[in-house]
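Participant: Below is the structure I would like to discuss, written out as structure tokens.
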Amino acid sequence: MNVWAFLMLVSGGLFAGGVTALAWDRVSAWRSMPLDEFRTDFAGVVQRADRVQPVLLVVAILASFAFGLTDAGAPRILALIGASGFLVTLIGSVAVLVPLQRRMISSSSLEAGALERMRHGWFRGHFKRTVVGVASFLLVAAATAV
């Protein structure tokens with residue numbers, strides 16, 4: 001296993017595992033929380049996740065592209081498709097989810113209905129991020145196995 005494969009698998013696996021754990025554990029708890037409690041808990045979790053998840057995702061993107069460009073055949077194709085999926089995840093997160101979560105956390109004057117709509121929009125977006133992140137990881141993992 002070369003260094004690109006190692007970095008691709010470790011960073012991609014940690015990223016995919018992190019977003020899956022968040023979707024599995026926190027989102028289900030957040031659905032039933034009162035809005036004030038949700039906002040406080042959400043802010044704390046997002047602050048912790050935002051320290052490591054973007055770095056893992058960027059490393060996964062770079063390592064997957066590097067692996068794909070240095071290999072040939074099916075491993076190349078799988079790694080490049082996986083890297084593209086990771087890149088789409090990053091773009092979607094930066095363009096949609098990060099601004100949404102900042103508005104949810106910073107604006108204490110939001111009416112309950114607006115916060116509830118944002119909360120459900122973030123849940124949908126995070127579910128999509130999780131699906132694409134896990135699929136991308138499976139593709140890069142397959143690239144090392146073929």
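Bear in mind that the values in this text are calculations on the coordinates, not laboratory data. Please read these numbers as outputs of a predicted model, since none were measured by experiment. With ideal geometry, Cβ positions are generated from the backbone for all residues, glycine too; neighbour counts draw on all protein chains shown.
Participant: Might you check whether a residue that is within 23 Å of residue 124 (Cβ to Cβ), of a type in the set (Gly, Ala, Ser) and out of contact with any Asp or Glu (no Cβ under 9 Å at 6 or more places or on another chain) occurs anywhere in region 46-53?
Facilitator: yes
Participant: While we're here: Which one of these is within 18 Å of residue 19 (Cβ to Cβ) and touching a residue at least 24 places away in the same chain (Cβ under 8 Å): 143, 63, 74?
Facilitator: None of the others qualify; the one that does is 63.
Participant: May I ask you to list the residues in region 12-43 that are more than 17 Å from residue 93 (Cβ to Cβ), under 14 Å from the mean Cα position of the chain (by Cα) and of a type in the set (Gly, Ala, Ser)?
Facilitator: 13
Participant: Moving on to the next point. Check whether at least one residue in region 68-76 is within 16 Å of residue 130 (Cα to Cα) and of a type outside the set (D, E, K, R), and report yes or no.
Facilitator: no
Participant: Kindly evaluate residue 46 against the criterion of being farther than 18 Å from residue 132 by Cα, under 13 Å from the mean Cα position of the chain (by Cα) and among the aliphatic types (A, V, I, L, M).
Facilitator: yes
Participant: Here are the criteria: (1) touching a residue at least 60 places away in the same chain (Cβ under 8 Å); (2) in a loop (DSSP other than H, G, I, E, B). Tell me which single one residue 31 does not satisfy.
Facilitator: Every listed condition holds for residue 31 apart from (2).
Participant: Are any residues in region 91-146 of a type outside the set (Asp, Glu) and not in a helix (DSSP H, G or I), and if so, which ones?
Facilitator: 107, 108, 109, 110, 146
Participant: Could you tell me which residue of region 95-113 is surrounded by the most Cβ atoms within 10 Å (Cβ to Cβ), considering only residues that are aliphatic (A, V, I, L, M) and closer than 17 Å to residue 43 by Cα?
Facilitator: In this case the residue turns out to be 104.
Participant: Please find, among 101, 47, the residue that is under 19 Å from residue 14 (Cα atoms), polar (S, T, N, Q) and free of Cβ contacts under 8 Å to residues at least 60 places away in the same chain.
Facilitator: Answer to the check: 47.
Participant: Specify the residue that is surrounded by the most Cβ atoms within 10 Å (Cβ to Cβ); the eligible residues are those in region 69-88 that are more than 13 Å from residue 6 (Cα to Cα), of a type in the set (Gly, Ala, Ser) and more than 15 Å from the chain's Cα centre (by Cα).
Facilitator: Among them, the one singled out is 74.
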